[in-house]
Structures are given as structure tokens and as C-alpha cells.
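Chemist: Structure incoming, see below.
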Amino acid sequence: MRAAALYGTAGSLVLTALVAAPADSAQVPSGRAERHGTAVAAARAADEGIRFGRCSEDQDGPGTLQCGTVTVPLDYAHPGGRQIRLTVSRVRATGKDGGRSVPRQGSLVYNPGGPGASGMYFPLIGMVPEWKRIASAYDLVGYAPRGVGRSAPLSCQDPQLLLKGPSQSPTYPTEDYKRERVARAKAYAQGCVRRSGRAIRHFSSVNNARDLDVLRAALGERRLTFMGASYGTYFGALYAELFPSHVRRMVLDSVVNPDPSKVWYQNNFDQSAAFETRWADFRTWAAKHHEAYGLGRTAAQVGRSYERVKARLAAEPAGGVVGPGQLQGAFLQAGYYDDYWPQRASALSAYLKGDPEPLVRQAGPHPDAVEEQENGRAVYTAVECNDAPWPRSWRTWDRDSTRLAVMAPFETWDNTWMNLPCAYWPLPRQRPLDVRTGPGELAPVLLLAAERDAATPYAGALEMHGRLSGSVLVTERGAGTHGIGGGANGCVNAHLDAYLLEGRAPVGGASCAPHPEPVPAPGAPR
């Protein structure tokens, strides 16, 4: 078990020519009014603090988990205007590392990414062996960013629509199917404003960074110790740009490319290209374990087994609920985390041998989770659409997706449909901040990245490393799991512990061998 597995993102992040900013885009609001508003809100939060107490029933966990709220302005240009409350969770530092006492080093604030993911249960990670040393010295703090969960939640459609039957996922969509998805994207974008109001324009990455500074002040910390994974690395970098003197230590794990020309349209195409490589990794692994799964002795044969399942599901959904779209969603998770490889291969094998139940359990809808899923997608859409310019013309999206799908068919079109509402976003978009820090402006930042990570391709870590002066990059070679800190790689964890507990980072960076590949689950079909 690792933090990424508990709190990883689902869906998409964000190779084509750069697109010009649409006429309605505006410079990201980072001027005097917003700086002043952030300072006012932080001072107010420092005075009020956070009253931690028992968590509500739907937030409940072990007795050590405490919950509270912090108040932030909806619009930092108007700090005295409408306020929203963000939910916060905490487990206090244990003060014990084995048999010895450990001095408390303050709060470690964590964000798991998304946009749209909640970190409310992150503090419980201190019970996992790989995290116990860090948990001995830090209060572990999680929170739900604006729009997520109970933190002024956003919604774009009726959550029950997520239970509406099996769906298709054509690798090469027809023109009729494309027209249908364009119509759905337009309706979804309009639904976001209709259900959440025009205030949704204030749900952005730069405001997430400002909220983080208010949270720092509310926790009583003069400087912030922060760990962000996936999308959390992006607004962590924005925080470093906006508040460099407020950073004590910062870990950015599985790094988003912060280049303004990449955010977010280009990043999503880069991601789709990288997923093709990771999909090949899974197929190669499954072929290596043909005796356990019978899916094929080569990666190509495993791919044909997958396509046979996809074709059968298109004709007759498994259990009436799992079609090609649900299959694609389940196997996309295997692109994020190789922990999923044994169970996904087992479900595919069982289906081909006449037993659809494992596939239905893994890929089928979960009625008790649809509200959280709908909320997560709404926040994802709002933040990414607000953050940056997107092409307005469907012709541009169609051209770029068609070209990439020739080389990378596994995720390209599904990623396009996920992000297409941003083409029709009815509110002004910002221009991304150009993240750069000079020598001595910022405490050394620790970057963690796996070479074959598909969700946040490795080039993003290299770009971030070049932009944050003095940052240190730790690379897990030949691996692709998304989110590696506190996970299965002891070398990575040693560098993470040394940095957070002692302030030591490897001079010139470090390279770690890959963690062990998963092995077939016991009882795998044969």
C-alpha cells in the first residue's frame, strides 16, 4: 500500500502545435489586489487557527484522525467578500520512532492531485510502515481543496447519470459518434455553470496555491512543509513561485510539466502518448505470465485478447453494466499503478474462460461512489478549463486526436472526450503563470519521478527541475507507477525520509533501481 494507491488521481491530466490564446483569456490574476487579499486572509487564519475535533460520520476514521475547517476568500481580489470553508484533517505526530523519542517538526500538508481528489484520509498513512518515521516527526495534514467534497462542492451533472448503462469506447470513432460527444461536451460545460454558478470561475490552480498559504497560516506554521503528488505538484510549483520565502521543505512526486505552453491541452496529449508505452508494459508483463493467465505469449497476443474482450462487451455487456467504456476505465488504472496488473489480468482471463464476475466487480459501476466521482470530475473540469487557453475549434481537437491515435490508440480519444468541455467553457480562461525561481529564492525542492510514468511523463520532471533553481531530482529507473514516495521502492523512500526528517537531499540528484514487478495473484486462472 502506498500514498499514490490510496489517493491517486483517476481520469486524465492533460503533441501538437501550440494554440493561440482565445480572445477571452486573461492574465492570471496575480497582481497587487490578489497579493494583498492573500495576506489579509492568511493573517485572519493565523488569528483564528483551526479548531480540530471529531470528524463527521462520513469522514470518520480511527480515533487519532481529527477534522476541522479553514476559511478562505472565494475571490482573493476581494478578501472581505464571500468566504468558503475547506475541510482539513490531521493526525498528530507520534513523537516515537521505534523506541526513541523524536522532536516534532511541524505539519506536513499533503495533496494527492486530481484536480478533484481529496486528501482528507491522507493522515492515516502514518500507520503504514513506510511512513512511520515521517509520522513520528510531523503532524500529517490532509484537506479537501476548494470544490472537493464538503469544501464548497462543485457539480456539473446529476451524479446518477454515471450509472446510466454500459458505454462504448471506440478506438477510431465514427463521425456520428464524434458529433454525439461534441454535443455532450457542450452540455456538460453549460451544466457546470448552471449547477455551480458563475462563481465556478474562481476554482483554479492559482487559487489552490493561495488557499495553501492560508492553510499554512491557520496551522500556525511560519513556513510550509508540503508534499504534492501528480496535479499537486503543479499548484505546489505555483506556490513556490508566488510564496518562495514561505517554503520550508517541498516534495513534488510524479511531476506535472509546468511549461505554460503545455498547460493543459498539450500536457494531455503528451499523457496519451505516454500511456501507449505503459499499456505495452502491462501487455509484456501479462505475456511473461502466460502460464498463469493464458492471455498470450507475446505482448501482441495479449493485446488481441483484450480486443476480443472489448468486441464481445460491445455486443453484450458483462452483467448488463460493463461495456467497452467500463473496460477501458479499469485498464486505464493499470496504466497508473502496476499493483493493478495481477487483478486486471486475472479478470480478463476469467472472462475469456466464461466467468464475467471478476470483470464486473472491477469495472462495473459502484452506486455508493457516484457522487464523489461526479464531484471529482466537476472540479477537474472547472480547474483545467479556468487555468489556461484551450482551442475553441473542434477541427483542431479532431485533427490532433486523429493524428495521435494512429500511434497511441489506447487512451487518446477517451482523454479527448474527458477534456473536450474546455473547448466550450463559457467563462474567461486565464494564462498560466511562468514558474521560475532563481538561485537562493527558494529552499531546495525534492522532485520524485518514475521514468515510465504515463500520467505525468518524465519530461515534466526534467522541466520542473530546470525551472526551480536548486531543486533535486530522484529518479526511479525503468518503472512507471504514478506516485512513488512512501511506496515500494526503498531507495526512493530513503531519500524522502532524509529530506523530510533531516533536510538532506542527494547532491546532483539520485537514481534508484526499479521496484520489483508484481507477481500473479494466488489462484489466478490457469
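The values are calculated or read from the model by the stated rules, or taken from the named source; none is laboratory data. Note that this is a predicted model, so its numbers are computed, not measured. Neighbour counts run over all protein chains shown; Cβ positions are idealised from the backbone, glycine included.
Chemist: Counting residues that are closer than 25 Å to N257 by Cα, which helices (runs of 4 or more DSSP H) fully inside the range 304-391 reach at least 2? Break it down stepwise before answering.
Modeler: On the way: elements: 324-336, 341-352, 357-363, 370-387.
So the answer is 324-336, 370-387.
Chemist: Ok, one more. If you take the residues in the range 63-105 that are assigned to a strand (DSSP E or B) and more than 25 Å from the chain's Cα centre (by Cα), which one is surrounded by the most Cβ atoms within 10 Å (Cβ to Cβ)? If you could, list the steps in order and put the result at the bottom.
Modeler: Filtering the range 63-105 for residues assigned to a strand (DSSP E or B) gives 66-73, 83-91, 96-97, 100-101.
The next check asks that each one be more than 25 Å from the chain's Cα centre (by Cα); those that pass are 83, 96-97, 100-101.
On the way: Q83: 13, K96: 12, D97: 15, R100: 8, S101: 9.
Here the residue is D97.
Chemist: Turning to a different aspect of this structure: Determine whether D176 is buried (at least 23 other Cβ atoms within 10 Å of the Cβ), modelled with pLDDT of 95 or more, among the acidic types (D, E) and outside any loop (DSSP other than H, G, I, E, B). Working first, answer last.
Modeler: Working: buried (at least 23 other Cβ atoms within 10 Å of the Cβ): no; modelled with pLDDT of 95 or more: yes; among the acidic types (D, E): yes; outside any loop (DSSP other than H, G, I, E, B): yes.
It is false that D176 is buried (at least 23 other Cβ atoms within 10 Å of the Cβ), modelled with pLDDT of 95 or more, among the acidic types (D, E) and outside any loop (DSSP other than H, G, I, E, B).
Chemist: Out of the range 276-299, which residues are surrounded by fewer than 16 Cβ atoms within 10 Å (Cβ to Cβ) and farther than 23 Å from A479 by Cβ?
Modeler: E291, R297
Chemist: When the residues of the range 225-256 are narrowed to those that are over 26 Å from N267 (Cα atoms) and in contact with an Asp or Glu (Cβ under 9 Å, 6 or more places away or on another chain), which ends up surrounded by the most Cβ atoms within 10 Å (Cβ to Cβ)?
Modeler: Start the filter on the range 225-256 by keeping residues that are over 26 Å from N267 (Cα atoms), which leaves 225, 245-249.
Adding the requirement that they be in contact with an Asp or Glu (Cβ under 9 Å, 6 or more places away or on another chain) leaves 245-246, 248.
Values: S245: 9, H246: 20, R248: 17.
Of everything passing the filter in the range 225-256, H246 is surrounded by the most Cβ atoms within 10 Å (Cβ to Cβ).
Chemist: Does A449 fit the bill of being at pLDDT 95 or above and in a loop (DSSP other than H, G, I, E, B)? Write out each step before concluding.
Modeler: Values: at pLDDT 95 or above: yes; in a loop (DSSP other than H, G, I, E, B): no.
For A449, the condition - at pLDDT 95 or above and in a loop (DSSP other than H, G, I, E, B) - is not met.
Chemist: Next question. Identify the single condition in (1) under 19 Å from the mean Cα position of the chain (by Cα); (2) farther than 30 Å from A350 by Cα; (3) of a type in the set (K, R) that R452 does not satisfy, given that it satisfies every other one.
Modeler: Against the list (1) under 19 Å from the mean Cα position of the chain (by Cα); (2) farther than 30 Å from A350 by Cα; (3) of a type in the set (K, R), R452 comes up short only on (2).
Chemist: Say we look at the range 368-418 and pick out the residues that are surrounded by fewer than 19 Cβ atoms within 10 Å (Cβ to Cβ) and under 15 Å from the mean Cα position of the chain (by Cα); which of these is nearest to E180 (Cα to Cα)?
Modeler: Filtering first and then ranking leaves Q373.
Chemist: Give the residue, chosen from G487, G508, G470, that is modelled with pLDDT of 95 or more, in a loop (DSSP other than H, G, I, E, B) and crowded, with 17+ Cβ neighbours inside 10 Å. Steps first, answer last, please.
Modeler: Working: G508 fails: crowded, with 17+ Cβ neighbours inside 10 Å; G470 fails: crowded, with 17+ Cβ neighbours inside 10 Å.
None of the other options fit; the residue is G487.
Chemist: Identify all residues within the range 325-373 that are within 24 Å of A449 (Cα to Cα) and among the hydroxyl-bearing types (S, T, Y); write none if there are none.
Modeler: Y336, Y337, Y340
Here's the yes/no breakdown for (1) aliphatic (A, V, I, L, M); (2) closer than 30 Å to E357 by Cβ:
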{"position": "D453", "(1), (2)": "no, no"}
{"position": "G466", "(1), (2)": "no, no"}
{"position": "L473", "(1), (2)": "yes, no"}
{"position": "G478", "(1), (2)": "no, no"}
{"position": "T481", "(1), (2)": "no, yes"}
{"position": "P514", "(1), (2)": "no, no"}
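Chemist: Could I ask something else about it? Would you tally the residues in the range 207-224 being in a helix (DSSP H, G or I) and surrounded by fewer than 23 Cβ atoms within 10 Å (Cβ to Cβ)? Walk me through it before giving the result.
Modeler: Restricting attention to the range 207-224, the residues satisfying the condition of being in a helix (DSSP H, G or I) are 207-218.
Applying the additional criterion that residues be surrounded by fewer than 23 Cβ atoms within 10 Å (Cβ to Cβ) yields 209, 213.
Number of matching residues: 2.
Chemist: Also: Quick check on the range 195-206: of everything there that is hydroxyl-bearing (S, T, Y) and part of a helix (DSSP H, G or I), which residue is nearest to the chain's Cα centre (by Cα)?
Modeler: First pass over the range 195-206, keeping only residues hydroxyl-bearing (S, T, Y): 196, 204-205.
Now drop any that are not part of a helix (DSSP H, G or I), which leaves 196, 205.
Numbers: S196: 22, S205: 13 Å.
That would be S205.
Rundown of residues vs (1) polar (S, T, N, Q); (2) at pLDDT 95 or above; (3) closer than 21 Å to T416 by Cβ, yes/no style:
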position: G303; (1), (2), (3): no, yes, no
position: K310; (1), (2), (3): no, yes, yes
position: A318; (1), (2), (3): no, yes, no
position: L332; (1), (2), (3): no, yes, yes
position: A345; (1), (2), (3): no, yes, no
position: L348; (1), (2), (3): no, yes, no
position: L359; (1), (2), (3): no, yes, no
position: N375; (1), (2), (3): yes, yes, no
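Chemist: Residue under question is L162, and the condition is that it be under 18 Å from M418 (Cα atoms), part of a helix (DSSP H, G or I) and not small (G, A, S); does it hold?
Modeler: Working: under 18 Å from M418 (Cα atoms): yes; part of a helix (DSSP H, G or I): yes; not small (G, A, S): yes.
When the stated conditions are applied, L162 passes them.
Chemist: Filter the range 428-441 down to residues that are touching a strand residue (DSSP E or B) at 6+ places or on another chain (Cβ under 6 Å) and either hydrophobic (A, V, I, L, M, F, W, C) or within 15 Å of V472 (Cα to Cα) (or both), then give me how many there are.
Modeler: 1
Chemist: Can you pull out the residues in the range 115-124 that are buried (at least 23 other Cβ atoms within 10 Å of the Cβ) and of a type outside the set (F, W, Y)? Please lay out each step first, then the result.
Modeler: First pass over the range 115-124, keeping only residues buried (at least 23 other Cβ atoms within 10 Å of the Cβ): 115-120, 122-123.
Of everything in the range 115-124, those that are buried (at least 23 other Cβ atoms within 10 Å of the Cβ) and of a type outside the set (F, W, Y) turn out to be P115, G116, A117, S118, G119, M120, P123.
Chemist: Let me ask another. Testing D453 on (1) more than 23 Å from A240 (Cβ to Cβ); (2) of a type in the set (D, E); (3) surrounded by 20 or more Cβ atoms within 10 Å (Cβ to Cβ), one condition comes back false. Which one is that?
Modeler: (1)
Chemist: Still on this structure: Report yes if some residue within the range 430-453 is in contact with a Phe, Trp or Tyr (Cβ under 7 Å, 6 or more places away or on another chain) and hydroxyl-bearing (S, T, Y); otherwise report no. Let's see the steps before the verdict.
Modeler: Going residue by residue through the range 430-453, those that are in contact with a Phe, Trp or Tyr (Cβ under 7 Å, 6 or more places away or on another chain) are 446, 449, 451.
Of the ones still in play, those that are also hydroxyl-bearing (S, T, Y) are none.
No, every residue in the range 430-453 fails to be in contact with a Phe, Trp or Tyr (Cβ under 7 Å, 6 or more places away or on another chain) and hydroxyl-bearing (S, T, Y).
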